Amino acid sequence: MNKYPELLAPAGSPEAVRAAVCNGADAVYLGFGTFNARRGAKNFTAEQMQEALAYCRRHGVKTNLTVNTLVSDRELPVLLEDVRLMLEAGADALIVQDLGAARAIRERFPDAVLHASTQMTVHSLEGARFAAEQGFSRVVLSRELPREDIAAITEHAGIETEVFVHGALCMCYSGQCGLSAVIGRRSGNRGLCAQPCRLPYDGKRNYPMSLKDNCLLAQLRELCDIGVASLKIEGRMKRPEYVAIVTGIYSAVLREGRAPTRQELDELRRVFSRDGFTQGYYEGKCGPSMFGMRTETPPAELKPLYDRAARTYLESKETQTIPVSFTITAKAEQPLTLTAQAGTDRVTVQAEAPETALRRAATEDDLVRALRKTGGTVFSADAIAVELEDGLRIPARTLNALRRDALEQLTRKRERIPALREQIPPARPEPPKRRPFEGYTVQARAMEQIAPGMERLPLRTIYLPVEEITGHPARAQEIRQAGIELVPVLPRILWDGEQDRVWKELRSCRQLGCTAALVGNVGQIRPVERMGLAVYGDFGLNAFHSGTLEVLCDCGVTRQTLSFELRFAQIRDMGKPMETELIVAGRLPLMLTENCMMVGKNGGCRRDGHGKCTRGPHYLTDRMGKKFPVFREEHCRNTLYNSQPLALEPKEYQGLGVSYARLLLTDETPQVALQRVQELCSGRMPDYRDATRGLYRRGVE
């Protein structure tokens, strides 16, 4: 058993697989088919995927196949066919984002090993435990977590943890970004992010969303001590030379248990850098120092690095990476016997009994020398035990043939793939596709936006941040007494150390008469349920197809907001086992960030006249002159909203079978908010200037 965690390298192409394996990766992750979060990478044909997996099995390297995008109802059968091909080819694990897809895979292929993708936004102990409950054996934690949270989750979750140690950092929490989808139909949740966060805003030279690359090379020993199962290098879009260099450096530092050298850090910088690297998230130190743009290394300086890296995986047919132990027994009148063992794999081969020597008898050195000749295979001779009687003649050709036979059988055994067990999923009652339209809901950022008189409108539910309800108990009672359901909204990101205050406020909301809470992360479902409140799921749970709704329903969610990346036809055709809700008006939340975008000219947070961090809105202006509001959340997190408000005609959504239609209030004054709600409740489309219908008609790629 390794004394160190698995080193997991990216492989966006067959060449990158060899580059990773030849430079010390314990495992690789690669994409096949449509349903992987790097559809822009070269990726693999079915034949290439099969060859890559066989190559990795020979070398004792694990393979994780990415199935980490949201899947529609019509796509699910295609996904399961892709999964069958992957498992038949010997994939060791599947990385999955979609809860419905995970259940479908687990039911069809019960022996499949599933890893919860970072796209699931798991960042808490409860989130990791929920993933374990859903059948995942490993969870890829959010990149934003500091060491203390990583350690606590790893120790107590009862599930393996995987941590990103090197490569690009998204500005938004993975799985919570809708910016690329809404402005260009290229969905990050569907594997085609256009990286709008790398573009300038508020001027040509201002990049408020471009983070430096992560580099935890100097923290590897600490991560080993924490007990993390897998250390992940990002980069499936990178060329194989990059994979070779980064994997080789991380492998050497990890296995040698030492600090990195200055030369190694310099090589990492030269091969790819954005004004250097950052350890900000891991160390819990967000701020301006984490931001940077791509630093180009001159080609003349980069070429020697790439040439040297390419030689590591191109010059030899096979790299000897697997230690093999031999035991050879040579006795008179008994078959010459050779046993070869690599890891848990063991084979025994035999040849005819050796003859008595007429001249020179074989020596132990002769046998050892012959068995060490493992060139051209994946094996390197490790321990050789010899039991040899004196006076025997053993020709070199006999020893060579015996060695080749043993290693060929050992190779075949290592490449052998267990029989795939497939079963028919259990039949379930088909949920209704259409439910009666029940009415309208409103979500506001502040209680003051719920203007006097709004409670007299025919609203079914008002959603407010949990602290806004507890901070205005009298107004909360007025709303409830008017017959409107008042539901506290939990922060989508809620680290373990931040939960006590939120749960205390949620209990206060329950005492004020609230009977449900709106959750935006899987880690909040069980705590809300244990508190005796109904669980309403927000858009952050990424409900994109019927199977996901069924999983959430079985987990206790009684009302679920549908993904705003769905098309009208997809919404209409979804099975709806519980009440569903659709956002139909207002500015859509497109990013949720750990780093603050509301920075002033001196690099610090914007402050009001009393020295307090402003809650917004602040506006980011893109190259087209579009202004995106940014609001401060708790702990200086930010939410970025769309520049254009969404507005749908009632006839567009009332026949889709959804139960409720929601209006989002963001930067509206109380007076404007009241006007918008009046328009909504009267059956009209809210009268915004420059409104959009979002993705409901266009869909995403």
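Things worth noting here:
- Screening G235, G191 for residues that are crowded, with 22+ Cβ neighbours inside 10 Å, within 15 Å of the chain's Cα centre (by Cα) and under 24 Å from L7 (Cβ atoms) leaves exactly one candidate, G235.
- Qualifying position, being buried (at least 24 other Cβ atoms within 10 Å of the Cβ), modelled with pLDDT of 95 or more and more than 22 Å from L254 (Cβ to Cβ), among A89, A101: A101
- Residues within the stretch 106-139 that are in a helix (DSSP H, G or I), open to solvent by less than 30 Å² (accessible area, probe 1.4 Å) and either within 14 Å of A157 (Cα to Cα) or in contact with a Phe, Trp or Tyr (Cβ under 6 Å, 6 or more places away or on another chain) (or both), tallied: 4
- Within the stretch 350-385, the residues that satisfy the criterion of being touching a Lys or Arg at 6+ places or on another chain (Cβ under 9 Å), of a type in the set (V, I, T) and surrounded by 14 or more Cβ atoms within 10 Å (Cβ to Cβ) are T374, T377, V378, I384.
- Per the listing E301, E283, E264, E222, the residue uniquely more than 30 Å from L192 (Cβ to Cβ), of a type outside the set (A, V, I, L, M) and modelled with pLDDT under 95 is E301.
- Yes/no for A218 being of a type in the set (A, V, I, L, M) and touching a strand residue (DSSP E or B) at 6+ places or on another chain (Cβ under 7 Å): no
- Any hit, the stretch 213-233, residues being outside any loop (DSSP other than H, G, I, E, B), hydrophobic (A, V, I, L, M, F, W, C) and in contact with a His (Cβ under 6 Å, 6 or more places away or on another chain): yes
- Subset of the stretch 623-676 [under 26 Å from E144 (Cα atoms) and in contact with a Leu (Cβ under 7 Å, 6 or more places away or on another chain)]: F628, V630, R637, T639, L640, Y641, N642
- Checklist (1) assigned to a loop (DSSP other than H, G, I, E, B); (2) surrounded by fewer than 20 Cβ atoms within 10 Å (Cβ to Cβ) applied to M209, failing item: (2)
- Scanning the stretch 261-273 for residues that are part of a loop (DSSP other than H, G, I, E, B), under 27 Å from the mean Cα position of the chain (by Cα) and either free of Cβ contacts under 8 Å to residues at least 60 places away in the same chain or surrounded by fewer than 17 Cβ atoms within 10 Å (Cβ to Cβ) (or both) yields a count of 1.
- Scanning the stretch 340-378 for residues that are under 30 Å from K62 (Cβ atoms) and acidic (D, E) returns a single hit, D345.
- Of all residues in the stretch 442-462 being surrounded by fewer than 21 Cβ atoms within 10 Å (Cβ to Cβ) and of a type in the set (K, R), the one that is farthest from G586 (Cα to Cα): R456
- Here M597 meets the list (1) out of contact with any Gly (no Cβ under 7 Å at 6 or more places or on another chain); (2) buried (at least 16 other Cβ atoms within 10 Å of the Cβ); (3) more than 24 Å from V677 (Cβ to Cβ); (4) at pLDDT 95 or above almost entirely, failing just condition (4).
- Considered as a group, the residues in the stretch 140-159 that are out of contact with any Gly (no Cβ under 6 Å at 6 or more places or on another chain) and part of a loop (DSSP other than H, G, I, E, B) include one that is farthest from L211 (Cα to Cα), and that residue is G158.
- Here P323 fulfils each of the conditions (1) touching a strand residue (DSSP E or B) at 6+ places or on another chain (Cβ under 7 Å); (2) at pLDDT 95 or above; (3) open to solvent by 30 Å² or more (accessible area, probe 1.4 Å) apart from (2).
- Hey, D225 out of contact with any helix residue (DSSP H, G or I) (no Cβ under 7 Å at 6 or more places or on another chain), under 25 Å from N64 (Cα atoms) and free of Cβ contacts under 8 Å to residues at least 12 places away in the same chain or not: yes
- The residues in the stretch 386-411 that are assigned to a helix (DSSP H, G or I), charged (D, E, K, R) and open to solvent by 50 Å² or more (accessible area, probe 1.4 Å) can be counted, and the count is 4.
- Only one entry in R255, R294 is of a type outside the set (A, V, I, L, M, F, W, C), closer than 27 Å to T161 by Cβ and either in contact (Cβ under 8 Å) with a residue 40 or more places away in the chain or part of a loop (DSSP other than H, G, I, E, B) (or both), namely R255.
- Screening T312 with (1) open to solvent by less than 30 Å² (accessible area, probe 1.4 Å); (2) under 30 Å from the mean Cα position of the chain (by Cα); (3) among the hydroxyl-bearing types (S, T, Y) gives one miss only, at (1).
- Flag if D554 is open to solvent by 20 Å² or more (accessible area, probe 1.4 Å) and closer than 28 Å to G284 by Cβ: no
- Test: E222 is within 27 Å of S124 (Cβ to Cβ) and open to solvent by 20 Å² or more (accessible area, probe 1.4 Å): yes
- Exclusive hit being of a type outside the set (F, W, Y) and touching a Pro at 6+ places or on another chain (Cβ under 6 Å), set D382, D366, D390, D345: D382
- Lone unmet requirement of (1) closer than 23 Å to R697 by Cβ; (2) aliphatic (A, V, I, L, M); (3) surrounded by 22 or more Cβ atoms within 10 Å (Cβ to Cβ) for I571: (3)
- In the stretch 513-523, the residues that are farther than 20 Å from S124 by Cβ and either open to solvent by 30 Å² or more (accessible area, probe 1.4 Å) or in contact with a strand residue (DSSP E or B) (Cβ under 7 Å, 6 or more places away or on another chain) (or both): C514, T515, A516
- Any hit, the stretch 643-657, residues being surrounded by fewer than 22 Cβ atoms within 10 Å (Cβ to Cβ), closer than 24 Å to M597 by Cβ and in contact (Cβ under 8 Å) with a residue 12 or more places away in the chain: yes
- Test for E565: is it among the acidic types (D, E) and open to solvent by 10 Å² or more (accessible area, probe 1.4 Å): no
- Comparison of R676, R662 shows that the only residue that is modelled with pLDDT of 95 or more, open to solvent by 20 Å² or more (accessible area, probe 1.4 Å) and touching a strand residue (DSSP E or B) at 6+ places or on another chain (Cβ under 8 Å) is R676.
The values are calculated or read from the model by the stated rules, or taken from the named source; none is laboratory data. Owing to the predicted nature of the structure, the values given are computational and were not obtained by experimental measurement. Virtual Cβ from ideal backbone geometry, glycine too; neighbours counted across all protein chains shown. All accessible areas refer to the heavy atoms of the entire protein, side chains included, with ligands and DNA or RNA removed. Shrake-Rupley method; radii C 1.70, N 1.55, O 1.52, S 1.80 Å.
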